[in-house]
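Working notes, beginning with the structure itself.
The values are calculated or read from the model by the stated rules, or taken from the named source; none is laboratory data. Given the structure is predicted, the values throughout are model-derived calculations rather than measurements. Cβ atoms come from the backbone with ideal geometry, glycine included; neighbour counts cover every protein chain shown.
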Amino acid sequence: MKPGAGLALATLFLLGLCVCAGAAAEEKAVLQWLGVAGWEIRLGRTTILIDPFLTRRSPARDREWQTDEAAVLEVIKGADYIFAGHSHADHIADVPFIAKRFGSKVVGSRTTVNLVSTAGVEPSRLTTIQGGEKLDFGDFSVEVVESRHGIPQGQFEVSETKEILAPPARLLGRHFVEGGSFLYLFTFGRRRVLHQSTANFLAARLPGLNPDVALLAEPGRGYNLKDALQALKPKTIIVQHFDEWRAPFSQALPQPHRRRAERFQRDILSVDGGINVILPEFLKTYALEEILAR
Ligand SMILES: [Zn+2]
């Protein structure tokens with residue numbers, strides 16, 4: 001090695017560290033699909049969860065809910081923030097356990113906040129949303145957008161939103177009511193990521209959101225796909241919630257579910273062939289800037 005080369009290498013190494021530490025938020029954002037509408041977004045040292053559900057079984061209506069703690073802890077190693085799109089079991093049933101375990105801050109509907117309170121999470125960590133909020137967390141921000149629940153097959157009208165108005169003494173299966181549905185528009189530096197927990201939109205709320213990446217739920221679509229895509233104009237769509245949520249990952253993608261996701265992918269491309277549509281794999285990580293570079 002030439003004289004001075006060691007110093008040059010050390011300088012380069014330090015520069016590399018500085019560049020990394022000072023990287024813009026969008027360059028640090030890495031998304032991981034947790035199945036259903038669940039995502040972990042890592043932003044440097046900050047861990048954000050959206051609708052994390054890893055127990056992957058249906059609650060019994062009148063029985064006390066039990067999270068599969070081992071299944072959760074195998075995947076979730078920490079959570080600074082948890083965002084809940086709506087309060088059905090496949091979106092929030094593991095949130096009370098995760099929030100209590102990791103001291104997470106939880107953002108969700110009145111129903112979500114009440115159910116999480118039952119687990120003993122301090123009120124100072126809970127933020128109740130109604131839609132329209134703009135929340136600033138320092139290294140990222142979130143806009144809460146009022147939405148609607150997807151419409152189950154064969155049903156044509158959305159039933160009235162059910163809510164839990166006070167923390168129940170014990171968390172039973174029947175407490176996981178919808179509680180209102182919300183979109184979250186995350187801003188990471190110059191990038192925006194939209195999360196849709198259930199397959200519906202309020203059309204009037206979409207113009208101006210302009211996400212770079214939209215995480216869209218399938219199936220049971222309650223909206224006009226063409227109108228929604230023309231309003232949102234996302235560069236990339238990652239399809240989610242097409243897996244069988246009551247089965248472990250190894251059995252959660254039977255053929256009909258795969259086909260449903262592929263059909264949704266084709267439908268999106270038939271509206272706008274320029275959109276990059278990703279059908280994600282369980283627990284795989286997707287660096288935000290990498291998926292947008294494709
Ligand atoms: Zn739901």
Look at the range 215-242 and say how many of its residues are surrounded by fewer than 22 Cβ atoms within 10 Å (Cβ to Cβ), touching a His at 6+ places or on another chain (Cβ under 9 Å) and assigned to a strand (DSSP E or B). 0
Answer yes or no as to whether residue 85 is buried (at least 24 other Cβ atoms within 10 Å of the Cβ) and either over 22 Å from residue 164 (Cβ atoms) or at pLDDT below 95 (or both). no
Could you count how many residues in the range 44-88 are within 16 Å of the ligand (Cβ to nearest atom), hydrophobic (A, V, I, L, M, F, W, C) and touching a Lys or Arg at 6+ places or on another chain (Cβ under 9 Å)? 1
Evaluation of residue 111 against (1) in a helix (DSSP H, G or I); (2) out of contact with any Asp or Glu (no Cβ under 6 Å at 6 or more places or on another chain); (3) crowded, with 21+ Cβ neighbours inside 10 Å (one fails), failing number: (2)
What residue, among those in the range 89-104 that are in contact with a Pro (Cβ under 9 Å, 6 or more places away or on another chain) and within 15 Å of the ligand (Cβ to nearest atom), is nearest to residue 194 (Cα to Cα)? 91
In the range 39-55, which residue that is of a type outside the set (Gly, Ala, Ser) and part of a loop (DSSP other than H, G, I, E, B) is modelled with the lowest pLDDT? 45
Can you name the residue in the range 131-150 that is under 21 Å from residue 53 (Cα atoms) and modelled with pLDDT under 95 and, of all such residues, is surrounded by the most Cβ atoms within 10 Å (Cβ to Cβ)? 150
Yes/no for residue 186 being of a type in the set (Phe, Trp, Tyr), within 27 Å of residue 226 (Cα to Cα) and either assigned to a loop (DSSP other than H, G, I, E, B) or more than 16 Å from the chain's Cα centre (by Cα) (or both): no
In the range 56-81, the residues that are free of Cβ contacts under 8 Å to residues at least 60 places away in the same chain, more than 23 Å from residue 137 (Cβ to Cβ) and in a loop (DSSP other than H, G, I, E, B): 66, 67, 68
